[in-house]
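First the structure, in the form of structure tokens, and then the observations on it.
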Amino acid sequence: MTATIYTFSAANYKNEAIDFSIYQGKALLIVNTASACGFTPQYAGLESLYQSYKDQGFEILAFPCNQFGKQEQGDNNDIKQFCDLNFNISFELFSKIIVNGEYAHPLYEHLKNVAPGIFGTKSIKWNFTKFLVDKQGKVIKRYSPTTKPADIANDIAAIL
């Protein structure tokens, strides 16, 4: 049996442990984010998606990461303040994590194994890589950083 994302947990930006079992029965979009990236404006598109689908059982989980171009250097409070001031996000923001390498968060190890990138690579290439998870907790699709949030809307609607 393939593990679901419900077996994982992570700290939110307040360093409170969030057990992913709270997301059972919801569709999820999991994204590694950064505040100083060329793709940072995608926060606005993510918020738009969230507003469109949250009442139908959809959540976005944002995981700030500083592994790509050192584009997320602030602490959790700095990141939250940046997101609030610039994009007024209302979806869940987690603590900064590592997505590749020896200290990669277990959730991201799972995501990369279940939905490898192009040519089967099991690494995250850049900020704003996105993973769509169905209501049963199974990863069903991986999207590149260049995929705009609006381009995922039909896939989200299809699983809701």
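Summary table
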read-out: Convex hull volume per residue for the chain, taking Cα atoms only, in Å³; value: 110 Å³
read-out: Spatially proximal aspartates and glutamates relative to LYS80 (Cα-Cα < 12 Å; intrachain offsets below 8 disregarded); value: GLU72, GLU92
read-out: Local electrostatic count at SER144 - Lys and Arg +1, Asp and Glu -1, tallied over other residues with Cβ under 9 Å; value: +3
read-out: Loop GluC sites (Glu not before Pro), segment 56-160 (other Cβ atoms within 10 Å of the site Cβ: 11 or fewer; DSSP); value: GLU102
read-out: Note, ³J(HN,Hα) from phi for segment 73-79, Karplus 6.51, -1.76, 1.60, rounded to Hz, x at Gly and Pro; value: 8, x, 7, 4, 5, 4, 5
read-out: Rounded to whole Hz, the Karplus (6.51, -1.76, 1.60) HN-Hα couplings of segment 85-98, x for glycine and proline; value: 5, 9, 10, 6, 5, 10, 8, 6, 10, 9, 5, 4, 10, 10
read-out: Beta bridges by DSSP in the chain, antiparallel share as percent, to the nearest 5; value: 55 percent
read-out: Rounded FRET efficiency, nearest 0.05, which uses the C-beta distance separating ALA3 from GLU102 and R0 of 22 Å; value: 0.60
read-out: Counted charge near LYS125, where neighbours are those whose Cβ lies closer than 14 Å (Asp, Glu -1; Lys, Arg +1); value: +4
read-out: Within the chain, helix-based [θ] at 222 nm, where runs of 4 or more DSSP H residues each add -39,500 (n - 2.57), nearest 500; value: -7500 deg cm²/dmol
read-out: Lysines with Cα under 24 Å of LYS112, excluding same-chain neighbours fewer than 8 positions away; value: LYS26, LYS70, LYS96, LYS122, LYS125, LYS130, LYS135, LYS138, LYS141, LYS148
read-out: Alpha carbon convex hull of segment 50-122, projected area averaged over orientations, nm²; value: 6.3 nm²
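Read-outs: derived from the displayed coordinates by stated rules, not from any lab. Every value quoted in this text rests on a predicted model; they were computed, and no experiment measured them. Note that each Cβ is placed from the backbone with ideal geometry, even for glycine, and that neighbours are counted across all protein chains shown.
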